[in-house]
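Accompanying notes for the structure given below.
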Amino acid sequence: MAEYWGVKVEDIFNSMQERFRPEGAKDVDSLFGYDIKDEGKWKLTVKDNKMTIEKTDDLTGCIATMKADGETFVGVNTGNVDATNAFMGGRVIVDGDMGAFGKTGKLFRKFVIAQKEMTTKDYLADMFATIVPRFKANEAEEGLDVSFAYDLGGPDGGKWTVFIKDKKCTITTTIEGKPTVTLEFNDARDYVDFILGKIDAQSLMASGKAGAKGDLNMMATKWPILFEKYKDPMAGNVPQQELIVLKKIISLNEKFSTGPVMGKFLKGLKEQKIYANKCPQCGRMQLPPREVCADCRVRVDEFLEVGPKGEVRYMDIIYYAMPDPLTGQVRETPYGGINILFDGCKGNETLPHFIRKDQIEKIQMGWNEKKGTRVRPVWEENRIGDIWDIKYFEIDE
Amino acid sequence: MGKRIAICAVAQIKNDAEYWHLRFQNMLLECFESIMDQTKVTFDMEKGIRTIITCSNDMFDARTISNNGVTDVVGAQFRGEEKMDQESINGLGYAMASILSGHDDVILFMGHCKESQGESRRMISNLSFDPFYTRPLGMDYHNVDAMQARAYMEKSKVTDEHLAKIVVRSRQNAQKNPYARENKLVSEQEVLNSPMYSDPLRELHMYPITDWAYGMLLCCEERVKEFTKKPVWITGYGSCMDRYFLGDKDLTSNFSLKNASKRAYEKAGIKDPKKDIQVFELSDHAAYQLPMWAEGVGIADEGQGGKWIDDGGMDKFNVNLSGGHLNGNPLLLGGAARAMECYYQLSGQAGDRQVKGAKRAVAQAATGGAGQHQAVIVMEA
């Protein structure tokens, strides 16, 4: 019997019992026929959430019969042939009740090709054999003339050169001429792992297991454009176990005491005042204030009112917003985050907040040698002692 | 025998039902300043503190990498900082490893937990169970402990009356401990009438929600005189992790505690804990655990917990004169509280509860449901 993608027509039928899903057969009570050209006929009986399959020439009583050739049948079942295309193109024909036959789709789990080991040699053969078919000629610019050579060591190793010239790709099993770049791997196994994404190029190079001669940059930038990514033929063949993922929300109600230091800062906001505290030792200002100066390891008791005007010190524009951590609501983007250097503070003694939305493009960041845009807070009318007592900052004009 | 390290000083704030007016940073800062004041230790890179060990828990703090919230108030900025996110007693084992390896002479060990912050400690302990099976069943430390309590009480003939006696005694002892949580004294009858949480455990059988913070300074033997005249030595440490899945283990066997004690006793050269040790601080998150752990550390005979209580074992062996965990410590920090009580006893600073001539003490602590992980520390004057 013929094999397609390593699978026989019989394999599909013989595995039906194992792949049967009783939950998909709840309202099915019918006989279905399969007539596979040059292979034979099979009859599927589904009744009372159970099924039987038999090879028989007698398809009488079947509510619908599928007709196809062996390659199409195996292809559709293994995902190598698109079922809809095959049907529309007449490669699959259903005689009888189409609607009823449609139900067979739910009866079985997907057919999985039995796992076969691929050796390093198999992989190398497959990887280099697919290079020319993976070449995307229309991506090659006029006049591009490069060659990429591979010198792979170890028992399975070998040499290859890939030429790209006149929008054509050719490959030889030698290293010829002066390649644009030559990749050298001490062991071909590492090359296979690299292509399969199991190990990255940096670590291979860093550990001395691989190296490159010539214009590696040319290869690094061109290769991903010129070639389709290598597809691991084994990747799709892992038996499909139904892996359940649970979605849960973890929610713990909390009350956060603010204490005398953060508490004073928040109370200040309520009164439209911004308090920093000043280290008695090094003199730096902390915003928001903290219990100690961590640099000096001393308690910081002196509070000073700063601002409320200041200049923009650092800024960013956020396009991909995280949800508001307290409400779960997603903010409208873009919005601008700024660090404000308040009047009365210096250096990096800044406090982060937001800038008025319509002014994102107008503000300028400052740094050690340049002043940033002057800004002032816009206060919320009903203030409760939290960060949103300041709605945002706006340009102080 | 193992090598030893010294506890040079300890500091704590009073255990309290709720420090509503303080952040845990404020709580820690008081302990930090007290340690600095007592020992005059510095953060000099050659001679001072290079490594700080903190104990806290992300779930109780509702903050990922909870130690980052406190590095400034424990002096840890620009120094090494390591976090113990398990029973605090293991932080002492960690400090011991750092010092005895020779990499650090001095370790500052700080811990905090504000149990009043979260709405439900049961929801927090529920999160220590796997999300697929035991968590949806609603397992938490209360009902899992109750399962163990029922099995243990049956085996060791411990009754509801015994548990009432333990609770009454705990609160009486706590009266003599200035750092103990202030609870009202209760009668045995009140305990027996208190609401049933998870049968056989009643409300008063469980330690109450508590906020607390502490600090300790630990040091190698060679340099101890720089920081204190009255060191207390840690001479043995042992810990043991039991099977995680409740269904896998014999809840009454004390397997992990017996193992942890054995290791600690061997290192400290203890042959008979009944004779060689004068003070015991046991981790009674729930009343039934006191006789159970007493069996585990070898001062009550196997299966005789009930009789041991009747025979006055709790007082005879000076168990939990501080009031114990049952009177109120944060779950995470009970081990540090136990060790600090041993420190006070061995350095003669235990005031009205002082055991005369105490030379050796044992601090024990459990983490997890039904005492899954156990650690034991032997301390000497």
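By how many degrees, between 0 and 90 and to the nearest 10, does the Cα long axis of helix B:334-346 differ from the longest principal axis of chain B?
Tilt of helix B:334-346: around 70 degrees.
What ranking do B:167, A:298 get, fewest neighbouring Cβ atoms within 10 angstrom at the top?
Fewest to most other Cβ atoms nearby, the residues stand as A:298, B:167.
If you line up the long axis of helix B:24-39 against the longest principal axis of chain B, both from Cα atoms, how many degrees apart are they, to the nearest 10?
Approximately 60 degrees, to the nearest ten.
Can you give me the convex hull volume of the Cα atoms of region B:61-123, divided per residue and expressed in Å³?
94
What does the average come to when, for each residue of peptide A:257-263, you count the partner chain Cβ atoms lying within 10 Å of its Cβ?
6
Give, to the nearest whole percent, the P(r) tail of region B:54-196 beyond 21 angstrom, counting all Cα pairs.
For region B:54-196, the share of Cα pairs beyond 21 Å comes to 64 percent.
At 222 nm, what value in deg cm²/dmol follows for chain A if DSSP H runs of at least 4 each add -39500 (n - 2.57) and the sum is divided by all its residues, to the nearest 500?
-5000 deg cm²/dmol
Above 53 Å lies some portion of the pair distances; for the protein assembly as shown, what is it as a whole percent of all C-alpha pairs?
Everything past 53 Å amounts to 41 percent.
Please check which bits of region B:133-147 a label hung off residue A:248 would reach, taking the label as a point 7 Å along Cα-to-C-beta and the cut-off as backbone N under 15 Å.
In region B:133-147, the label zone of residue A:248 (backbone N under 15 Å from the point 7 Å along Cα→Cβ) covers B:133-141.
Treating region B:219-258 as a set of equal point scatterers at the Cα positions, no solvent, please give the Debye-formula log₁₀ I(q)/I(0) at q = 0.16, 0.26 Å⁻¹.
Here log10 of I(q) over I(0) equals -0.58, -0.91.
Residue by residue, what Karplus-based ³J(HN,Hα) values in Hz, rounded to whole numbers, does region B:138-154 have, using 6.51, -1.76 and 1.60 with θ = phi - 60° and x for Gly and Pro?
Listing the rounded values in order: x, 5, 8, 5, 5, 6, 6, 4, 5, 5, 5, 4, 4, 5, 5, 4, 5 Hz.
Any chance you could get the radius of gyration and Dmax over the Cα atoms of region A:3-106, in Å?
In order Rg, Dmax, the Cα atoms of region A:3-106 give 12.9, 35 Å.
Using only Cα atoms, find the angle between the long axis of helix B:255-268 and the longest principal axis of chain B, and express it within 0 to 90 degrees, rounded to the nearest 10.
The two axes meet at around 40 degrees.
Find the Cα radius of gyration of region A:120-226, compare it with 2.2 N^0.38 Å by division, and give the number to two decimals.
1.03
What size of dipole, in debye to the nearest 20, comes out for the protein assembly as shown about its Cα centre when the only charges are +1 on Lys and Arg C-beta atoms and -1 on Asp and Glu C-beta atoms?
Charge dipole of the protein assembly as shown: 1660 debye, to the nearest 20.
Starting from the Cα gyration tensor of chain B, take the square roots of the eigenvalues, sort them a ≥ b ≥ c, and report rounded, prolate or oblate (rounded when a/c is under 1.5, otherwise prolate if a/b is larger than b/c, else oblate).
Taking the square roots of the gyration eigenvalues as a ≥ b ≥ c, chain B is prolate.
Calculate, in whole percent, how much of the Cα-Cα pair population of region B:106-173 lies beyond 15 Å.
Tail of P(r) above 15 Å: 71 percent of Cα pairs.
How large is ³J(HN,Hα) for each residue in region B:236-244, as worked out from phi by the Karplus curve 6.51 cos²θ - 1.76 cosθ + 1.60 (θ = phi - 60°), to whole Hz, x for Gly and Pro?
Values, residue by residue: x, 9, x, 9, 8, 9, 7, 4, 7 Hz.
What is the Cα radius of gyration of chain A over 2.2 N^0.38 Å, N being its residue count?
1.61
Treat the count of other C-beta atoms within 10 Å as a stand-in for reagent exposure and order A:73, B:43 from fewest to most.
B:43, A:73
Using only the Cα atoms of region A:259-395, each taken as one equal point scatterer with no solvent, compute I(q) by the Debye sum, divide by I(0), and report log10 of the ratio at q = 0.14, 0.17 Å⁻¹.
-0.68, -0.97
Listed highest first by mean packing, meaning other Cβ atoms within 10 Å per residue, what order do B:70-77, A:126-133, A:147-154 come in?
Peptide ranking by packing, descending: B:70-77, A:147-154, A:126-133.
Measure up B:225/B:356; B:225/B:275; A:209/B:83; A:159/A:229 against 32 Å on the Cα-Cα distance and list the ones that go over.
Result: A:209/B:83 exceed 32 Å.
So what are the three principal axis dimensions of region A:116-157 from its Cα atoms, in whole Å, longest to shortest?
On the principal axes, region A:116-157 reaches 40, 24, 9 Å in Cα extent.
Which order results if B:20, B:308, A:367 are arranged by neighbouring Cβ count within 10 Å, fewest first?
Ranking B:20, B:308, A:367 by Cβ neighbours within 10 Å, fewest first, gives A:367, B:20, B:308.
Any read-out appearing in this document is the output of simple, stated calculations on the displayed coordinates, not a laboratory observation. Computed from a predicted structure; not experimentally measured. Note: ideal-geometry Cβ built from the backbone for every residue, glycine included; neighbour counts use all protein chains shown.
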